[in-house]
Amino acid sequence: MYDLLFSPIKIRGLELKNRVVMAAMGTHESAASEDGRSVTDKLIAYHVARAKGGCGLNTVEVTAIDKASSPHGFLSIAEDKYIPGLKKLNDAIHEAGGKTCVQLWQGGLAVASDKTAEILLPDPMPLSPQYTVPAISNERLLQVIEEFGQAARRAVEAGFDSVEFHCAHNYLPHSMLSGGLNHRTDEWGGTQENRKKFPLACIKAIRENIPEDMPLFMRIDCQDDMLPGGLTIEDVIDFCKDAKKLGVDVLNVSRGNIMTAATIYEVAPLDIPHCFNVENAARIRSETGMITMPCGRINTPELAQQILEEDKADLVVMARAQLADPEFCNKAKAGNINSIKYCLGCDQGCYDYFTAALYNPNVEHISCMRNPAVLEEETMKLIPSDHPKKVLILGGGIAGLEAANDLKQCGHTPIILEKSDHLGGQFELAGKAPRKEDFKLASDMAVQNILDQNIEVYLNCEATTQKIDEIKPDAVIISIGSSSIIPNIPGAQLDCVINSHDLLAGKEVSGQKAVVIGGGLVGIECAEYLAQKGMEVNVVEMMDKVLTQLGQLRQIGTQMSLAQEKVTILTETTCQSIEEGKVVVQTKEGTKELACDVVIMAIGSKSNDSTVLQNHCKENNIPYYVVGDAAKPALALNAIHDAYNAVLEINK
């Protein structure tokens, strides 16, 4: 299937077996190495898994080229001492049938996570009242150019098949190129011609230090968003034409900068449309005549194939798609579509874990909602069991479905009991919220995958001790979920009051005005859902901010969407009572009445009580595991990871 996607392509002397590229993604795994900047065995296993999974090209994450500005937790190629580790990585990927690329990087402002790393910027920047980062000197610029060349030399010695020059995302080359970031008045600033000098000199230095038949990739921003005076797509095309003359072969078209809310485009969450870079990449490709690959929420083989069929690109970046499922390429090529675990753009395990890892020693490296074994490919590997077991799964939400699939892969016999008339649970419900259609798709695929494997499922079947006795399992997974909290507020039982789950499940509402009690993720999703039906919505939240469960990028995306709707957020506000046609709230200014036709309760969930089930398992010496919301209401990532860990325990 997907013949174009899985057709070969030759770039200079490098032949790739397909058009799928795993772009560079920061992992923070190198923090576990002796000096905090080296290749680890876990990083090797992570890349090997994707190479074995059929990826056309593995790009190693941002790799620092300059010793003084090389931050802890990021790979480095700034000294010869890193060559052996990088060679070990290359040898392992090659042995697994893959091809490799290293992304050469000078991080500019982004190295500030490490207080010992030198920040290199085009212009002076005050970081505090006491300290201003000085502008990079002419001498230092020339040194960095030389360092790019030396890093390229080391990449060749380490055995990489190609190199990529990072000229995007606010890092030094992009900052020097962009008029929105570079306000210098010397030979490196001012005009477009002057601003091009530094990145073009870096390209020249790289090309001079790699063989003629080695491809040179370049990551670029197709334009500068939310950055006055920044690059237009015309500026980028002009620059790329010059880069082509100096030996750049492939353009990796991205978008975003860390100075503004446009950072949302770098690791785009589900709030940003699929394939949002494709049209810009297609224009750049057309006007430069260069091999081009767009990135940005391309998460299914259908989307990738369509891009190629429409002749808008030559290669397709599918990076997070392969975090979610390292076997993505093999499964897609073989047509095993329902078994693919698609990236949903939640950003919970990739971007959010990465940023947390920079400051929280308890977070080691990135992860993924769909794949708990990211960077734990060996330590958390699912292997066939020598002692197959019958495992009863109580609850057919996403935790139960994932547990059943993983158990089946290990050779066990899972049996699912679900009290409702369908599988999917709250994961499917989440797919009803605005911009979360991928959740519904993932839920549907997970359900179909269970059916494809002939896993035993009983619907409209309550989880009871009698069922446990009847089935006689060797182990039990309790994943019976949670229920909406209905607070003890006067009027909470009125007919106009609906809980959030019922609303998203499709319960009919009417009227012009609504009040949502609760400003968490579900509350805001309900507010957007109602606003898109034409209602005016007030959200009442007792805390001083909303969306506290969401990471930075999802917060930006949701706030951007809210700004387009008739939604008013009232923070530090509590609901006093609900009456016909109004909600009485207490604000900092005093009591206020909010007119409404419907009230949505979205103040949270509580675990469904499984005490009786747990006690019965204890009394009968049946190992049991409480997972997901049944253990503690949290994010879907937590539920899926709970289920995976339960399977690992059962599989011992």
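The values are calculated or read from the model by the stated rules, or taken from the named source; none is laboratory data. The structure presented is a predicted model; accordingly, all values stated were derived computationally and were not measured. Ideal geometry is used to build each Cβ from the backbone, glycine not excepted, and the neighbour counts take in all protein chains shown. The accessibility values were calculated without ligands, DNA or RNA, using every heavy atom of the protein model including side chains. Shrake-Rupley method; radii C 1.70, N 1.55, O 1.52, S 1.80 Å.
Overview of values
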| read-out | value |
| --- | --- |
| Matching option when the condition is without any contact (Cβ under 8 Å) to a residue 40 or more places away in the chain and touching a helix residue (DSSP H, G or I) at 6+ places or on another chain (Cβ under 9 Å), among 36, 56 | 36 |
| Test: residue 244 is of a type in the set (D, E, K, R) and either assigned to a loop (DSSP other than H, G, I, E, B) or closer than 30 Å to residue 409 by Cα (or both) | no |
| Criterion: under 25 Å from residue 554 (Cβ atoms) and in contact (Cβ under 8 Å) with a residue 12 or more places away in the chain - qualifying residue of 432, 467, 408, 472 | 432 |
| Scope the range 311-360; condition surrounded by 21 or more Cβ atoms within 10 Å (Cβ to Cβ) and of a type in the set (Gly, Ala, Ser); matching residues | 313, 319, 321, 324, 332, 345, 349, 357 |
| Residue satisfying condition, being within 22 Å of residue 483 (Cα to Cα), of a type in the set (Val, Ile, Thr) and within 25 Å of the chain's Cα centre (by Cα), within set 578, 640, 556, 600 | 640 |
| Residue check for residue 516: among the β-branched types (Val, Ile, Thr) and in contact with a Gly (Cβ under 9 Å, 6 or more places away or on another chain) | yes |
| Answer residue from the range 497-520, given it is open to solvent by 30 Å² or more (accessible area, probe 1.4 Å) and part of a helix (DSSP H, G or I) and is nearest to residue 646 (Cα to Cα) among those | 501 |
| Candidate set: the range 206-248, residues that are in contact (Cβ under 8 Å) with a residue 60 or more places away in the chain and in contact with a Lys or Arg (Cβ under 6 Å, 6 or more places away or on another chain); chosen: the one surrounded by the fewest Cβ atoms within 10 Å (Cβ to Cβ) | 213 |
| Hits in the range 120-159 - residues which are touching a Ser or Thr at 6+ places or on another chain (Cβ under 8 Å) and surrounded by fewer than 20 Cβ atoms within 10 Å (Cβ to Cβ) | 121, 124, 125, 126, 159 |
| Search result, residues across the range 101-130 that are closer than 22 Å to residue 35 by Cβ, touching a residue at least 12 places away in the same chain (Cβ under 8 Å), out of contact with any Cys (no Cβ under 9 Å at 6 or more places or on another chain) and not in a helix (DSSP H, G or I) | 102, 103, 105, 107, 114, 116, 117, 118, 119, 120 |
